[in-house]
Amino acid sequence: MRSDTAPAIRLEDYSPAPYTIEAVALDMQLAPKATQVHARLTIRRLTDTLPGTPLVLDGGGLELTSLSVNGVAIPVESYTVTPDKLELLSPPSEPFELEIGTRIDPDANTQLEGLYRSSGTYCTQCEAEGFRRITYFLDRPDVLAVYTTRIEARKSEAPILLGNGNPVESGPVPDKPERHFAIWHDPHPKPSYLFAMVAGDLAHVADSFTTRSGRNVDLKIYVEHGREDKCDWAMDSLKRSMRWDEEVFGCEYDLDVFNIVAVSDFNMGAMENKGLNIFNDKYVLADQDTATDQDYANIEAVIAHEYFHNWTGNRITCRDWFQLCLKEGLTVFRDQEFSSDMRSRAVKRISDVRLLKSHQFPEDAGPLAHPVRPRKYTEINNFYTATVYEKGAEVVRMLKTLVGADGFKAGTDLYFQRHDGEATTIEAFLACFAEVSGQDLSHFALWYEQAGTPLVEVESSYDATAQSLTLQISQEIAPLPGQADSKPAVIPIRFGLIGSDGADMSFDKVEGAEVRQDCLILSQRRQTVRFSGVSERPALSLLRGFSAPVKLHAPEKDQDLAFRAAHDSDPFNRWQASQTLATQSLLRLVRAAEAGEELVADSVVLDVFGSILSDGSLDPAFRALSLQLPGEADLAREIGKNVDPTAVLKARDALRAALGSTHMDLLRAALSQRESGPFDPGAEAAGKRALANQALAYFAASDASDAALIVNDLFDRADNMTDRLAALTLLVHGDLPGAQAALEAFRNRHETSSLALDKWFMVQATAPLSSTLETVRDLAGHRLFDENNPNRVRSLVHAFATGNPSQFGRPDGAGFSFVADHVLALDARNPQVAARLLTCFRSWRAYEAQRSSHAEAALQRISEAENLSRDSRDIVDRCLQ
Ligand code: TRP
Ligand code: ZN
């Protein structure tokens, strides 16, 4: 039977629940296949609710074992129950206690929502709607309750028992010598999605933190035995996050303990459950031998992100799931700022913008586009998107630009003070900033309502006699499904006018747009902006720091881009100038490749890259980023339609080879500067490794006869994962001699480290070789592959679909077909992960005709499958609409 489309849930239909649940006492008798849950809920009718109004509780595949009201079992005619719903037909009108018994099967839970087991450890995942798979409940974020959790388990199976809040009591269970229990109490009212418990045989590392008002907090990170020595970086990141949030946002921790548990089977990155964060182990575990510098940076960011949710998400939560960006956009903004303060601000900004453009821009330009605050959904799990998270953070960043740093601080202070303990909305958030700044933010709020990336086009002309510069500016959003017209938005464009000496020039006045300091504030479909008192024709630096999430088209000659790549005082735009230059050049090469012509790289690009390579005054991490060419997917996005990924790959390979061969001597010099000495995971040392490995990549692409030798040598000598993986990638992706031996050596070395093995799968899945699909098929049957482990699936199938454009997009459609097979197989067991994998088809209409018809056929096949989950049904329907 083909699954029917589930009904859409709409923002405009929001109304509060008729009852509220004030307290929850849970008792969980853990057993792998039959866990008995007993819930005692203190329920109160709201004053607006008529006495006798039915109470409808959510369930998710539950089995009811007992039910009573105020201690008395209730008659069967006064309720109805299914696995997904419990309805009390006429509940008491005075506050009452509802006791519910349910039985659940953690071992059968392959979807990893609710209570499940990961490597034998019991753990929970309740966001967004997993709590209803534990007990019947008003499973919605605006019902805030105080939770007490009693956990009971066999002592040998689960010596560690963890819950939300503070530990209250623990000990042996009377008359059951093999069992023990623990009671946890969380005094802070919270929504059900923040509930968590963990039970298992885990090791831990401990530390402590004293908050600024003197509260002593015990910090613990729990991991599988034998992994304790991989927690140092996560613990260090946690303590730095706690201090930073006090100093920058004035947010202090509010419990006596803070626990983190790392598990190996997890649908997403991590989860901010109150006082008990649960993490994908990939964002906790790190050491020199198994984690790359990128892993270290990710761990720092995700630890901070989850910790920061304690205020932005937990103390102040969302009224409904449409407000998801209220916690996610703001918390991403906060973690980005934290990482900027820990590392190089410019490098962090460039990395964040790259991520935004590679993940969010395509989402916002295709069938899955939605506003930062969506107005309807059928499956909320499908809205944990780059738009809600990353574009949501950009909107907060623009807000800060508009109200200024002081206004932003005053606004967040007011938000924390006014809404603490509430489930609230974007409107309430914005009102705080409007109030403190005196600004009318109603037009700005459009950023939350309207999907699509605005295209800002700028044409400039300079009049030497009048000493004036005129900009003709327009903004528009291309039509999207369900959004034919767009309205002009408030767009802050930070800018500079660069003179021939490379310094920013002054000007007298500006007409036609509001200017605040170095920021032009656009608000109309078309604007003509005139600067007077401009003494020479400037090089125009627009959108400095990427001050708004827009596409900017401002035609600029290669020579001007080269000038700005060397002189722009804004490091972000300096990077952007070299990227734009490389993109323009690569797009010419793509056209040549499509026409079957010879591929000759532009000399201006070769020169600019040569200067960056040799400019020792620049930060190595910045140089490494500036030397990186736009990726294949970036180029495909620029091309936009009729994309032939093979031509894109050829163009990029040609430029890489030309860069390598042209600058061979500079590259050799850069390689010889590789540092030795004790390993340091900090940003500075990481930047040097990034630069050396970027140089190595060009060297490997050059015609140097000793290239393969040097890469193999680095692989053998590497004393850290960053360098080892960089060398392995070059060997495998370049199909260089030694590749197979290196793969084998890597596998042998890391056989027992699951996270390192993920990298082994990923390197092979992303090789741009015609043999890759064959390899990936074999790997899917490899003894080390595990279709039930989301990280492993992501490292093979997802990596192939998103990190290998030319092979996923093979002209024969076999890449699409392979991924579709996996979506279907996965869908029955883990719909959330299947649906996420399925989103890799979202840009299918951008391919040239042959490929897009193959992609469409793969989507059709998924769409026609029987019993497709609501998650995958939603994505496939939107992709095909
Ligand atoms: N709230 C989590 C975060 O952003 C992410 C999250 C949402 C999640 N749903 C999830 C994590 C499901 C794991 C599983 O930090
Ligand atoms: Zn989050």
note = Taking segment 526-558 and keeping residues in contact (Cβ under 8 Å) with a residue 60 or more places away in the chain, within 20 Å of Glu476 (Cβ to Cβ) and in a strand (DSSP E or B) leaves Leu542, Lys551, Leu552, His553
ask   = Of everything in segment 100-114 that's surrounded by fewer than 19 Cβ atoms within 10 Å (Cβ to Cβ) and part of a strand (DSSP E or B), which residue is farthest from the chain's Cα centre (by Cα)?
value = Gly101
Tally of residues being surrounded by fewer than 18 Cβ atoms within 10 Å (Cβ to Cβ) and over 20 Å from Ala73 (Cβ atoms) across segment 32-50 = 9
inquiry  = One residue is enough: does segment 395-403 have a residue meeting the conditions closer than 17 Å to Thr331 by Cα, in contact with an Asp or Glu (Cβ under 7 Å, 6 or more places away or on another chain) and within 16 Å of ligand 1 (Cβ to nearest atom)?
reply    = no
inquiry  = If I filter segment 115-130 down to residues being closer than 20 Å to Trp184 by Cα and of a type in the set (S, T, N, Q), which single residue comes out as surrounded by the fewest Cβ atoms within 10 Å (Cβ to Cβ)?
reply    = Thr121
query = Out of all the residues in segment 247-257, is one or more touching a residue at least 60 places away in the same chain (Cβ under 8 Å), touching an Asp or Glu at 6+ places or on another chain (Cβ under 6 Å) and either over 30 Å from Pro371 (Cβ atoms) or part of a helix (DSSP H, G or I) (or both)?
reply = yes
ask   = Are any residues in segment 214-231 in a loop (DSSP other than H, G, I, E, B) and farther than 17 Å from Glu300 by Cα, and if so, which ones?
value = Gly214, Arg215, Glu224, His225, Gly226, Arg227
task = Output yes when any residue across segment 131-152 is within 18 Å of Asp186 (Cα to Cα), over 33 Å from the mean Cα position of the chain (by Cα) and surrounded by fewer than 23 Cβ atoms within 10 Å (Cβ to Cβ), and no when none is.
result = yes
All positions within segment 634-656 that are of a type in the set (A, V, I, L, M) and either surrounded by 21 or more Cβ atoms within 10 Å (Cβ to Cβ) or without any contact (Cβ under 8 Å) to a residue 12 or more places away in the chain (or both) = Leu635, Ala636, Val643, Ala647, Val648, Ala651, Leu655
ask   = For segment 667-679, how many residues are buried (at least 18 other Cβ atoms within 10 Å of the Cβ) and modelled with pLDDT under 95?
value = 1
ask   = Can you find even one residue in segment 62-70 that is of a type outside the set (Asp, Glu), under 39 Å from the mean Cα position of the chain (by Cα) and within 29 Å of Thr47 (Cα to Cα)?
value = no
key: Unique residue being buried (at least 23 other Cβ atoms within 10 Å of the Cβ) and assigned to a loop (DSSP other than H, G, I, E, B) when the list is Ala262, Ala234, Ala291   = Ala291
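Yes/no matrix, rows are residues, columns are (1) more than 21 Å from Pro768 (Cβ to Cβ); (2) part of a helix (DSSP H, G or I):
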| residue | (1), (2) |
| --- | --- |
| Pro811 | no, no |
| Val819 | no, yes |
| Val823 | yes, yes |
| Val833 | yes, yes |
| Leu838 | yes, yes |
| Arg851 | no, yes |
| His854 | no, yes |
| Gln860 | yes, yes |
message = Can you tell me which condition Glu328 does not meet? The list is (1) within 16 Å of Met242 (Cβ to Cβ); (2) out of contact with any His (no Cβ under 8 Å at 6 or more places or on another chain); (3) touching a residue at least 60 places away in the same chain (Cβ under 8 Å), and all the others hold.
response = (1)
request  = Given the conditions (1) in a loop (DSSP other than H, G, I, E, B); (2) within 16 Å of ligand 1 (Cβ to nearest atom); (3) surrounded by fewer than 24 Cβ atoms within 10 Å (Cβ to Cβ), report the number of the one that Asn273 does not fulfil.
outcome  = (3)
key: Subset tally (residues that are free of Cβ contacts under 8 Å to residues at least 40 places away in the same chain and either of a type in the set (A, V, I, L, M) or within 11 Å of ligand 2 (Cβ to nearest atom) (or both)) for segment 291-305   = 3
query = Looking at segment 799-818, is at least one residue under 30 Å from Glu866 (Cα atoms) and of a type in the set (Lys, Arg)?
reply = yes
message = Cβ-Cβ distance below 9 Å, separation of 6 or more or different chains: which pairs start in segment 361-389 with a residue that is within 21 Å of Glu638 (Cα to Cα) and in contact (Cβ under 8 Å) with a residue 40 or more places away in the chain and end on one that is within 14 Å of ligand 1 (Cβ to nearest atom) and part of a loop (DSSP other than H, G, I, E, B)?
response = Glu363/Thr385; Leu368/Thr385; His370/Thr385
task = Answer yes if at least one residue in segment 261-270 is in contact with a helix residue (DSSP H, G or I) (Cβ under 8 Å, 6 or more places away or on another chain), of a type in the set (Asp, Glu) and within 15 Å of ligand 1 (Cβ to nearest atom), and no otherwise.
result = yes
ask   = Could you say whether any residue in segment 676-694 is among the hydroxyl-bearing types (Ser, Thr, Tyr) and within 31 Å of the chain's Cα centre (by Cα)?
value = no
message = Looking only at residues that are part of a loop (DSSP other than H, G, I, E, B) and away from ligand 2 (no atom under 13 Å from the Cβ) in segment 306-351, which one is nearest to Ala196 (Cα to Cα)?
response = Arg315
ask   = more than 18 Å from Ala8 (Cβ to Cβ) and within 16 Å of ligand 1 (Cβ to nearest atom) - does that describe any residue in segment 411-419?
value = no
request  = Select from segment 251-274 the residues that are within 16 Å of ligand 2 (Cβ to nearest atom) and among the small types (Gly, Ala, Ser) and write down the one among them that is nearest to the chain's Cα centre (by Cα).
outcome  = Gly269
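The values are calculated or read from the model by the stated rules, or taken from the named source; none is laboratory data. On a predicted model such as this, the values are computed, not experimentally measured, just so you know. Heads up, the Cβs are rebuilt from the backbone with ideal geometry, glycines too, and the neighbour counts pull from every protein chain shown.
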